[in-house]
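Read through the structure below, which is laid out as structure tokens, and then see the notes.
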Amino acid sequence: MITIAPGIDEIRARAAPFPKRHFLSVTDLDPVQVASLLDLADDFVALNRQKSKKIDLLKGRTLINLFFEASTRTQSSFELAGKRLGADVINMSPRASSIVKGETLIDTAVTLNAMQPDILIIRHGSSGAASLLSQKVDCSVVNAGDGQHEHPSQALLDALSMRRAFGRVGGLIVAICGDVAHSRVARSNVALLTMLGAQVRVVGPPTLMPADVHRWGVEVHHDLKSGIEGAQVVMMLRLQLERMQGALVPSMREYFRLWGLDREKLARAAPGAKVMHPGPMNRGVEIDSDVADDLSISLIQDQVEMGVAVRMAVLASLAARLDNR
Amino acid sequence: MSPQPLAFVNARLVDPESGYDGPGALIVAEGVIADVSHEAALAGLSPDVRVIEAAGALLCPGLIDLRVKTGEPGSEPKETLKSAARAAAAGGVTSIVVQPDTNPVIDDPAVVDFILRRARDIELVHVYPAGAATKGCQGAGMAEIGLMAEAGCVYVTDADHPIVDSRVMRRLLAYAGALGILVAHRPADPWLSAGASATEGEFAGRLGLSAEPVAAETIMLERDIALVELTGSRMMVDQISAAAPLERLARAKDARLPLLATASINHLSFNEIDIGDYRTFCKLVPPLRAETDRSALIDALASGLVDIVVSAHAPAPAEDKRLPFDEAAPGAIGLETFLSALLTLYHEGRMPLARLIHAATLAPAKAIGLAAGRIAVGAPADLLLADIDAPRLIDAETLISKSKNSAFDGRRLQGVVRMTLVDGRVVYEA
């Protein structure tokens, strides 16, 4: 596909100031703001496919990637996004350094705040950590995943991937399958997709479903086949092995047999259905390689590409707000 | 030297024993209540009596709080016995029972004695220790509960730690029952509640918090009820918090089993939604429940199904609270806001004033065998005088407790303590 990237001034004009100082949850946005962010992200997709990918919307700005939990994908995505926008980006992984010295999240926040960053991107293993941090710093905070709570930029990139594949998000039947209970990706996606008018189902064994999930405005299915019946999008979640504190499923092979996505089960989905996964995948546990690697049905690589563009849109929008201040 | 005699006139006198709530006057001398009148004024007072014009303010027994944590011994920066006693006095609380899960644990008569000696030196409010039910609050071997009771502990409990082993609990109830010692236990299934910082449901699910179902409390309460039935011993259910366990409690009480139950003022005042944007001051043990549970708890207190209200005062310093919710220490301070928070239930018309006062004075006094909690000639002059309508904005920073983790921070309450008396001595005066 050949696209002509819009000019810098055009992009600058489209980067509407972010509605809030921080981006902690998809509920910080309304559907119009989401659409405008996704439009902006489309521009960045085009820009990112050019040889020269730089645009100086964040020139002079400092971005700190503060990742208490290891993440190659999200961290490099934010890093690239920041660098392509011309910001100075540094990565910190306090797991290895200060936490073992007894420094708390707040201590770290106060220290970093004194370095006058403009945007802090945080990932932390505890729900609410990004919100807590945002109360203690002067800069903007972007939640790149807090415990089992939210991962809002992931939901935006998923929505962008769906919009580009189907031309719309509203009205799509989206089945989110697997470990919903421990998944921040699922929470952010349910909130965003229902806000955009998609019909969302959550699919998985009861032990991997959050309490009262039926009150989230979704259909709940405990059978994968009925859950993906007629769905246009099948989003598989990572079975978070490191989060399994007890025996929530009997075995990996039983899980794959009942809940893993293979071509046979996928045949139940709507014709032309697309498969998504936030990564990293457990091949042969929640998804068969045969499905994951088939580019005619898998959006998994698109999701990674959209990730950079969406994060550029979020950062540019937050910076536009900072510029207005 | 006994303090100057005092006379309170024009008070709204509430006597939890008779249920009287009306005009009254009262004389305090020699550390006890020397005279009580249901008239507003008193005649023939001698000139050396200090007369206090109550102007319609509430005069009732000082509050008796069966569940207070301090940091002494072991974590004095959190709270000392002295700072807790000062907070209590300012809150109209005249007796506090401190929990045994300190460092060292109060599982030895020498530590009981240490607490009592410290309390005597502080000379503010009455401080009574609760002894550990099991050694180190570990839930295995029984602590020396007979020796601790002789030394002055008023009941035994493992505080926040559930006694998981049913055989230990059975023996404890049987043994303590024979010695006339009250056992308190917070019902919580340790597996269902493991790592939980909220109540399972839509709200905790959306916040992504680790949560326990109410069944964790119900299951353990059912076990405890069966063991009370088996042993015939008295047990106090510590901080019952939800509708389902209240139903079980009601059935057990209907069967005349010797059960008492407490509820914390926090669970009567807040629900899970108050956690809001991860407010760690609302992280409590047991976790805050649904609004239907809170409402059922208030009804149970009004009906007498729940006997006693406690403040569940649990100081935690900022460094233990300014953490992500799941990592933060549980608990909230409550001594200085106890009365005002109780009065909310009266102002909202949920129950008569005398019923509320009863649950925080006479009922706990009877549970642990204190002579206080009564308005009667010869009873200890442990009293509070408070303007129950006076508005009050809670600012945690201005509270006396060394830790400022008040769940009521920023709330508007009514009820301001004017004076607190312990054994006829004025220990607080606004």
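The values are calculated or read from the model by the stated rules, or taken from the named source; none is laboratory data. Quantities reported herein were computed from a predicted structural model and do not represent experimental measurements. We place every Cβ from the backbone using ideal geometry, glycine too, and count neighbours over all the protein chains shown.
Looking at A:Val233, A:Val275, A:Val218 in this structure, which one is modelled with pLDDT of 95 or more and within 14 Å of chain B (Cβ to nearest Cβ)?
Numbers: A:Val233 fails: within 14 Å of chain B (Cβ to nearest Cβ); A:Val275 fails: within 14 Å of chain B (Cβ to nearest Cβ).
So the residue among A:Val233, A:Val275, A:Val218 that is modelled with pLDDT of 95 or more and within 14 Å of chain B (Cβ to nearest Cβ) is A:Val218.
Among residues belonging to region B:193-215 that are over 24 Å from A:Leu24 (Cβ atoms) and at pLDDT 95 or above, point out the one that is farthest from the other protein chains (Cβ to nearest Cβ).
Across region B:193-215, the extreme among qualifying residues is B:Ser193.
Can you tell me which residues in region B:241-285 are on the phi > 0 side of the Ramachandran plot and buried (at least 24 other Cβ atoms within 10 Å of the Cβ)? Steps first, please.
So in region B:241-285, the residues on the phi > 0 side of the Ramachandran plot come out as B:256, B:276, B:278.
If the condition is that a residue be on the phi > 0 side of the Ramachandran plot and buried (at least 24 other Cβ atoms within 10 Å of the Cβ), then B:Tyr278 is the only one that fits.
Exactly one of (1) within 26 Å of A:Gln75 (Cβ to Cβ); (2) under 16 Å from the mean Cα position of the chain (by Cα) is unmet by A:Ser131. Its number?
(2)
For (1) more than 12 Å from every other protein chain (Cβ to nearest Cβ); (2) farther than 18 Å from A:Leu157 by Cβ; (3) modelled with pLDDT of 95 or more, each residue gets a yes or a no:
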{"site": "A:Thr194", "(1), (2), (3)": "yes, no, yes"}
{"site": "A:Thr207", "(1), (2), (3)": "yes, yes, no"}
{"site": "A:Ala211", "(1), (2), (3)": "no, yes, no"}
{"site": "A:Gln240", "(1), (2), (3)": "yes, yes, no"}
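Quick one: in region A:93-131, of everything that is among the β-branched types (Val, Ile, Thr) and modelled with pLDDT under 90, which residue is farthest from A:Phe23 (Cα to Cα)? Spell out how you get there, then give the answer.
Let us first name the residues in region A:93-131 that are among the β-branched types (Val, Ile, Thr), namely A:99-100, A:104, A:106, A:108, A:110-111, A:119, A:121-122.
After this cut, where a residue has to be modelled with pLDDT under 90 as well, the list is A:99-100, A:104, A:106, A:108, A:110-111.
On the way: A:Ile99: 25, A:Val100: 28, A:Thr104: 22, A:Ile106: 18, A:Thr108: 19, A:Val110: 19, A:Thr111: 21 Å.
Checked region A:93-131; the qualifying residue farthest from A:Phe23 (Cα to Cα) is A:Val100.
Restricting attention to region B:266-301, and to residues there that are within 14 Å of another protein chain (Cβ to nearest Cβ) and touching a Ser or Thr at 6+ places or on another chain (Cβ under 6 Å), which single residue is modelled with the lowest pLDDT?
Out of the qualifying residues, it is B:Asp277.
Would you mention how many residues in region B:317-358 are more than 14 Å from chain A (Cβ to nearest Cβ) and either in contact with a helix residue (DSSP H, G or I) (Cβ under 7 Å, 6 or more places away or on another chain) or not in a strand (DSSP E or B) (or both)?
Applying the first criterion (more than 14 Å from chain A (Cβ to nearest Cβ)) to region B:317-358 yields B:330-358.
From what is left, the residues that are either in contact with a helix residue (DSSP H, G or I) (Cβ under 7 Å, 6 or more places away or on another chain) or not in a strand (DSSP E or B) (or both) are B:330-332, B:334-358.
So the answer is 28.
Among the listed residues B:Leu209, B:Leu246, B:Leu297, which satisfies the condition of being farther than 21 Å from B:Met351 by Cα and of a type outside the set (Ser, Thr, Tyr)?
Working: B:Leu246 fails: farther than 21 Å from B:Met351 by Cα; B:Leu297 fails: farther than 21 Å from B:Met351 by Cα.
Being farther than 21 Å from B:Met351 by Cα and of a type outside the set (Ser, Thr, Tyr) holds for just one of B:Leu209, B:Leu246, B:Leu297, which is B:Leu209.
Would you be able to tell me the number of residues in region A:299-325 that are surrounded by 18 or more Cβ atoms within 10 Å (Cβ to Cβ) and not in a helix (DSSP H, G or I)?
1
Considering only residues that are surrounded by fewer than 20 Cβ atoms within 10 Å (Cβ to Cβ) and not in a helix (DSSP H, G or I), which ones fall in region A:252-272?
The answer is A:Asp262, A:Ala267, A:Arg268, A:Ala270, A:Pro271, A:Gly272.
A:Leu47 fails exactly one of the following numbered conditions: (1) closer than 30 Å to A:Gly167 by Cβ; (2) modelled with pLDDT of 95 or more. What is the number of that condition?
(2)
Going by the conditions given, is B:Ala312 at positive phi, among the hydrophobic types (A, V, I, L, M, F, W, C), buried (at least 21 other Cβ atoms within 10 Å of the Cβ) and more than 14 Å from every other protein chain (Cβ to nearest Cβ)?
Numbers: at positive phi: yes; among the hydrophobic types (A, V, I, L, M, F, W, C): yes; buried (at least 21 other Cβ atoms within 10 Å of the Cβ): yes; more than 14 Å from every other protein chain (Cβ to nearest Cβ): yes.
So B:Ala312 fits the description; yes.
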